[in-house]
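Scroll down for the structure; my scribbles are underneath it.
The values are calculated or read from the model by the stated rules, or taken from the named source; none is laboratory data. Please read all numbers here as calculations on a predicted model, not as lab measurements. Every residue, glycine as well, gets a Cβ built from its backbone with ideal geometry; the counts of neighbours run over all protein chains shown. Side chains are part of the model used for accessible areas, which takes the heavy atoms of the whole protein and leaves out ligands, DNA and RNA. Shrake-Rupley method; radii C 1.70, N 1.55, O 1.52, S 1.80 Å.
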Amino acid sequence: MTDQPTGGIKEKDPMRNRLFWAASGALLLAVGGTACGNGGDDAGKPDALSASQVCDGTLDKAAATALESLGGTERFSELQGTDKSVALRPFSLELAAKTLRAKPTEKNTCVIYKADGSDFPLLDISFSAWHSHPDLAQENKESDSGELFFPVGLFAAASGDQGTSLYFKCPTEGSGGKKPYVKADMYSARGQVNPDGKGRMTILNAVSRAVAEELGCAAQAKLPTKVPDALPG
């Protein structure tokens with residue numbers, strides 16, 4: 001299997017979808033098992049985090065506000081995992097940077113839930129090392145599916161109410177060899193968030209900025225402190 005993208009977020013990857021939902025199911029079972037041991041009135045309820053606390057505190061004020069708006073809540077919970085395993089630990093910038101350098105084929109994931117016992121993740125944000133990136137101008141020109149494209153990083157797009165992708169320059173070298181880019185993906189179970197493409201990009205950009213800073217490639221990544229409006233179609 002190759003990691004060469006065929007068209008940004010429009011590419012279909014059945015294996016990724018199966019792994020994502022399998023991981024989500026395993027995470028939900030783990031939440032249930034952990035909560036049952038708490039006892040009392042809090043049994044079955046995940047620990048609540050504010051929007052600014054999720055994903056290792058990487059959301060700035062604008063991104064935290066966007067998350068609250070997308071989810072319709074100010075209370076969240078978080079679990080972290082990879083495509084290869086599920087780990088009951090919060091997302092860590094330090095671990096994400098270490099994995100992207102040493103094991104670039106693995107995905108580093110921040111999984112955000114509403115702290116109301118929702119069955120599906122609100123957002124699944126992942127990072128992986130990548131060989132190439134789609135062409136922003138070409139994709140914007142050819143798109144006819146309602147996608148929004150943003151002048152952020154090397155390529156940034158939001159599709160419908162589910163998929164959001166962002167590529168930025170950040171060289172890594174590990175067991176998988178040298179890779180010049182990092183790809184950030186954000187997914188949501190259908191119907192979990194409102195279709196605010198700029199709000200979703202604001203969240204993904206904020207976490208990506210923090211990852212780039214941790215990797216020491218913030219200058220090359222060129223991720224803005226404020227996400228601009230989408231490009232005209």
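The listed residues are LYS141, LYS169, and the only one of them that is touching a helix residue (DSSP H, G or I) at 6+ places or on another chain (Cβ under 6 Å) and either within 20 Å of ASP56 (Cα to Cα) or among the charged types (D, E, K, R) (or both) turns out to be LYS169.
Specify which of the listed residues (ALA157, ALA115, ALA206, ALA210) is touching an Asp or Glu at 6+ places or on another chain (Cβ under 6 Å) and under 19 Å from PHE76 (Cβ atoms). Full working, then the answer.
Working: ALA157 fails: under 19 Å from PHE76 (Cβ atoms); ALA115 fails: touching an Asp or Glu at 6+ places or on another chain (Cβ under 6 Å); ALA210 fails: touching an Asp or Glu at 6+ places or on another chain (Cβ under 6 Å).
Answer to the selection: ALA206.
Take the conditions (1) farther than 21 Å from LEU95 by Cβ; (2) of a type in the set (D, E, K, R); (3) at pLDDT 95 or above; GLU213 misses just one of them, which is (1).
Do we find that GLY176 is at pLDDT below 95, on the phi > 0 side of the Ramachandran plot and open to solvent by less than 70 Å² (accessible area, probe 1.4 Å) in this structure?
Numbers: at pLDDT below 95: yes; on the phi > 0 side of the Ramachandran plot: no; open to solvent by less than 70 Å² (accessible area, probe 1.4 Å): yes.
Spelling it out, it is not the case that GLY176 is at pLDDT below 95, on the phi > 0 side of the Ramachandran plot and open to solvent by less than 70 Å² (accessible area, probe 1.4 Å).
Across the stretch 111-138, what is the total count of residues that are among the aromatic types (Phe, Trp, Tyr) and open to solvent by 20 Å² or more (accessible area, probe 1.4 Å)?
In the first step, residues of the stretch 111-138 are kept if they are among the aromatic types (Phe, Trp, Tyr); the result is 113, 120, 127, 130.
From what is left, the residues that are open to solvent by 20 Å² or more (accessible area, probe 1.4 Å) are 120, 130.
Here the count works out to 2.
Among residues of the stretch 139-164 being buried (at least 24 other Cβ atoms within 10 Å of the Cβ) and of a type in the set (Gly, Ala, Ser), the one that is farthest from the chain's Cα centre (by Cα) is GLY153. Remark: pairs (first residue in the stretch 190-203, at negative phi; second residue in a helix (DSSP H, G or I) and of a type in the set (Lys, Arg); Cβ separation under 8 Å; 6+ apart in sequence or on different chains) = VAL193/ARG200. When ASP41, ASP83 are screened for being outside any helix (DSSP H, G or I), modelled with pLDDT under 90 and either open to solvent by 60 Å² or more (accessible area, probe 1.4 Å) or within 17 Å of ALA184 (Cβ to Cβ) (or both), only ASP83 passes.
Annotation: of all residues in the stretch 217-233 being small (Gly, Ala, Ser) and modelled with pLDDT under 95, the one that is farthest from SER92 (Cα to Cα) is GLY233.
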